[in-house]
Structure formats: C-alpha cells, structure tokens
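Since the structure comes first, as structure tokens, the remarks are kept for the end.
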Amino acid sequence: MKKSSSRVFKTYVLNIVIIAAIFIALQLMITNGVFNSYTSGLVVQIFINMILTLSLNVATGFLGELCLGHAGFMAIGAYTTALLTINSGLPVMIMFPLGLIAGMIISGIIGFLVGVPALRLKGDYLAIITLAFGEMISILLRTFKFTGGALGLNGIPRVTSFAYSYWCFIISLVLIITFMFSRHGRAILSIREDEIASEATGVNTFKYKMIAFVMSAMFAGLAGGLFAHFQGNLAPEKFNYNYSIDIMVMVVFGGMGSVSGSIVSAIILTLLPELLRGFSEFRMLVYAIMLIVLMIFRPEGMFGRKEVTYRVFRRFLKRNKQNKPVS
Amino acid sequence: MALLEVENLGIRFGGLQAVKDVSFTIGNNEIVGLIGPNGAGKTTVFNLLTNVYHPTEGDIRVGGVSTLGKKQHETVDFGLARTFQNIRLFKSMSVMENIKTGFHHRGRYSIPAAIFRLPAYWQEEANYTEQAMDLLKTFGMSHVAEVEAGNLPYGQQRKLEICRALATHPKLLLLDEPAAGMNATETQELMDTIRLVQEHFKISVLLIEHDMNLVMGICERIIVLNYGKILAKGLPNEVRNNPEVIGAYLGSEGDPNAVVS
C-alpha cells in the first residue's frame, strides 16, 4: 500500500515535470523565433486537433458509438465563444476563458439534447442521426442572422496563443484520462464491450452513454472555441461532414480507444498534409494512399487500444537490462 | 420467507404466450435446476427474472419485495445476477477489470472524485482490487488477473463470467446453460465451481441446463418447463421418473399435455 502510493506520487511529479518541460521548450522555441509564425501556427493547430481527436475518442473509441457529427459540436463551441468575446464588451482576456467554458457548456447541453433520441439507437443508426445533426448545425449557422449567415463571423480576436492551446489540451487530457481510469470509465468501456452484459452487471447503460456523449461534445466545443480565436473568422461551410470525417480519420488512425494513439495521430495527420506540400497536386493523393496502407496493415490503428505508459517504459528498460550481454 | 417467489408469472409477445402461470420459490442456499425441451421458455423466465422483459401477468418478489417495473440494471440491487447462454464477457478488458465492473453498482465515489483523484477514489479502488483478487483466488484464477478476458480458455471464460456475476454480491445466481459447449472434464470442473459458489458464498443458484449429469448431480430441486408452463417440480429422482417429463423429452403419443399448449 505504502509502496504503491509512493509510486503514484513519483508518477505525479514526473508527469508535472514532463508537462512543464514540453511547455517551456515549445514556448522558448516560439518566442526565440526557432519556429516562424507559420510553424507556431501549426503547433497551435496540432494541439487543437489533439483535443478534438481525444474528444471524439471518448464517444467512438471508449463508448464504441460511431459519431459522424462531431464538427457540429465543435461549431457550437466555436460560435458560442466567438459571439461572446465579440459582443460581451468585456476585455477579451477575461471574456475568452469564460467564453471557452460557455462554449463547452452549450455544446454539452446540445450534446445532451441530441443524445436523448440518438443514444437509444446503435451503430449505423446512431451514425446517421449524428451525421444529420452535424449537417443541421452547419445549415442553421448559415441561416441565422446573429451567426453572420453564409458570410460567417469575422473579426474574432485572434487570442488563441500557444499557451492557451497547450494548457487546454493538458486539462482535457488529464480530465479524460482520470475519468476513463475510474469505475465510471470502466462502466463506459464495458458498454463498448457488451452492452447486454454491462446492463446485467448493474451498469446504467443509458446514463453512462449519455455521460460519455456529453463529455465528448463538451471537449469538441472547447476545441471549437480555441479554433475560432485561432483563425479569427468562422465560415459555416467549414463544419460540414467532411470535417467530421477528418476528425474520425484521426481517431481511427491512432486507434479507437487509445489516448496515446489520438495524440500521435493528431500530430501526424496535422503535419502530414503540410509536409507533403512538396508533392503539390498529389498531396491529398499521397495522404489518402498512406491511410489506405495503414488500414490494410494495421486496421486497428497505430496503437490499437494500447497506451504508452510508464509501465511500458519500465518493462522495456527491464528487458534491455536483461538482454545486455554479461561481459 | 423464501428468497425468490415467482407467482403466476406470464408473458405474451403479441399472440404468443411464451410463459404462463409459472410459480415457484427458491429458498436460501439451495441449487435449483430449470430444465425443459428447447423452446420451453427457460431463458424467457430468466429474462423475466432479470427485468429484460416485463411480465404481462404475475409477480416476482425477491426477499418479499416485488421487482416489477424495475430497470434491467437495477436487478443486481435486488441480489439477482446472471450469466448468459453464449458467454458475454468484456473481451478486450482484463480479467480484473471484468470483475471490477461487477462492483460498479455498489460503487460510491462520484465523477468529480474520479476526475480529481480524491481520497475516496484511491480507497475504493484499492478496495476493489483487493476484493477482486480474493474472488479470483477463490476460483483459482489469480494468475490470470491481468490477462485479456477474450484470451482465456473456454472453461475459464465461463468461470470468469460467474466471478463477475458474484462480484455484484448476489443472493441468487442465475446460470443460463453454464455447461454448453463443455467437454466432460470441463463440466466436472464446472460442477465443482457451482458447489463452491453455494458453499463459500452461501447463496442460491438457479440454473438452466441440458446436461442431465450436471443437473441430476448438483441440483437439489428441479423445475421442468414445457410450452411455457411448469410440467413438474420436485427432487431429481421424482422428476426423472415422472412419465410426463419423459414424455416431454422423448415425445409420447398418449399424453395430451405434451403436445397441446
């Protein structure tokens, strides 16, 4: 008991050190001009995409329900936050964090409302409902006056700095991990594995499906809010089903149900199209071919359901020690 | 008072009366067999007991409290846990996690406690691990605690399913064809397991089974179902020699009960 609690403490310290070190390293590179404005923009985009991928992974990877309207939740978060910072009259630096929280809450509420009918269905049917919902949002945003109609929203203060995107990502990551590795997370996993058995074992499956779905929507909303203030403008067409599919691709590429997979695949799939600019017109073709190759050779995604944990490293180190020839 | 009282239970799916006038009781710490030919309604009775279906007639009481109108996941709160005809494990979760899921409904710590890793989380999780380990030890499975459930051999998967059901702290364990697909050795092992459940956990077991060796070997009482009605009830020997039961299983020309529902 004592041994394990000291190990937990050590892990906490190590986590905090790593998180801080990455932050300081990246921040220094950005302020000292190692990254130009294009590259640092890419870094912010990577962190936003990581939040997005993680959030969809909660609904699709952990809960196991195919959601094809994730861009819709992101749009709700994006517009809510942007409208608040533009119209509230408060200083942006105060309003922006509040707006992000508001965006999460509104996304969560909409997620709940969509979930009530949608979560009674399974698999393909749920996918179609969420797909339809995503399209609905995109069309509504185009119709409403206060969202700027088809022109979208312009003049959103561009305040999503690297620090914002990074810390929002860390918060999302920590919340999702701590939630998933608890009795509540286990309940959600058990629904993915076998809903009938889960219900018979005493899990209120509807409740936990709803929790996962709302959580997924909330973090998508957060990513949306960051995205809006990163871009500086919002167009309703951006949030169509293509974008939902893009997010889904990141989740599947990384491995459904793997947090580590989501992180790595968000990095790769954000960078890849940029790195492939050299191929000019064949860019998307190469990207598509790489996806096909991965799906053929590793249909479960890069990480499957595995995680990169300290335990993996410890085991790896141990094995290496044992393998060293005795000289 | 009997542990489980089933009174004139019946369910109708449209024009089909799947179960009718089924009444029986189960006392504390006994093993009861529920047998009958295919399609007799045995699994339907299980599904009624665990609130998968809601009866159109009759009543089910556990410890004197009616379970009618309850949700499926609330069944375990009454002390009824079940296994399935075709094994339903959480295949890509570890053996340990499968069992811990069984503790879920008695879990106390909230979502904030989980997210912020409050002391309640650590205490309860440590508690779960300990209890799960105890349970695995009892069934001689502690060495596979970290194995993915789907990778276990068939017999152990059955055992794990029983363990998971036991983790919910049932008073009555419902086993749906536990010996299906097992060879003679595995069936023997299963019989030992079921006896162990009865003796170690002091609970009752109601089991559906086609394997007569198993049924006659461990059941203290047997209920025979045919065409959704109770055909016979009694001690294994009485049931075995009951001409109506023999008729239902082997078919008989003279007995109208066997063919008319």
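The table below gives the values:
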item	result
Within 10 Å of each Cβ in A:202-214, the average number of Cβ atoms from other chains	3
Calculated FRET value between B:VAL65 and B:SER92, using beta carbons and R₀ = 41 Å, to 0.05	0.65
Inter-chain Cβ neighbour average for residues B:80-93, partner chain, 10 Å	4
Straight-distance crosslink candidates among lysines, where the alpha carbon sits under 17 Å from A:LYS122 and sequence neighbours closer than 8 are dropped	A:LYS207, A:LYS209
Pairs of Cα atoms farther than 17 Å apart, the range A:130-253, %	68 percent
9 Å beta-carbon shell around A:GLN231, net charge (K/R +1, D/E -1)	+2
Kirkwood Rh in Å, taken over all unlike Cα pairs in chain A	20.9 Å
Average silhouette area of the protein assembly as shown, convex hull of alpha-carbon atoms, in square nanometres	35.2 nm²
Label zone at A:ILE171 (point 7 Å along Cα-to-Cβ), backbone N below 12 Å, the range A:87-124	A:96-105
Among A:GLU65, A:GLU281, A:GLU237, residue whose mean-square fluctuation peaks in a GNM of chain A (springs only between Cα atoms under 10 Å)	A:GLU281
Cα gyration tensor of the range A:29-75 - equivalent ellipsoid semi-axes, whole Å, descending	31, 11, 6
nm² value of the averaged projected area, convex hull over the Cα atoms of the range B:1-145	11.5 nm²
Shielding score for B:115-124, defined as the mean number of other chain Cβ atoms within 10 Å	3
Alpha carbon Rg of the range B:124-246, scaled by the compact-globule rule 2.2 N^0.38 Å	1.20
Per-residue Cβ neighbour rank within 10 angstrom, fewest leading, B:HIS200, A:HIS229	B:HIS200, A:HIS229
GNM flexibility winner over chain A from A:ALA75, A:ALA118, A:ALA20 (Cα, springs under 10 Å)	A:ALA20
Gaussian network model of chain A, Cα within-10 Å springs - most flexible of A:ARG311, A:ARG183, A:ARG298	A:ARG311
Approximate shape of the range B:107-178 as ellipsoid semi-axes (Cα gyration tensor, √5λ), whole Å, largest first	27, 15, 11
Cβ crowding within 10 Å averaged over residues, with A:210-217, B:15-22 ranked highest first	A:210-217, B:15-22
Per residue convex hull volume, Cα atoms of the range A:1-154, in Å³	179 Å³
Alpha-carbon centroid distance for the pair the range B:42-93 / the range A:166-220, whole angstrom	24 Å
Point-to-point label distance, B:HIS210-A:LYS10, nm (Cα→Cβ direction, 7 Å offset)	5.5 nm
For the range B:4-260: lysine pairs under 17 Å (alpha-carbon distance), excluding those fewer than 8 apart on one chain	11
Centre separation in Å (Cα based) which lies between the range B:202-244 and the range A:136-159	69 Å
Estimated D of the range B:4-260 in µm² per second, where Rh is the Kirkwood radius over Cα pairs and Stokes-Einstein applies at 4 °C, 1.567 mPa s	67 µm²/s
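Every number in this text was worked out from the coordinates using simple rules, so none of it is lab data. Note that the structure is predicted; figures quoted are calculated from it, not measured. All Cβ positions, glycine included, derive from the backbone under ideal geometry; neighbour counts span all protein chains shown.
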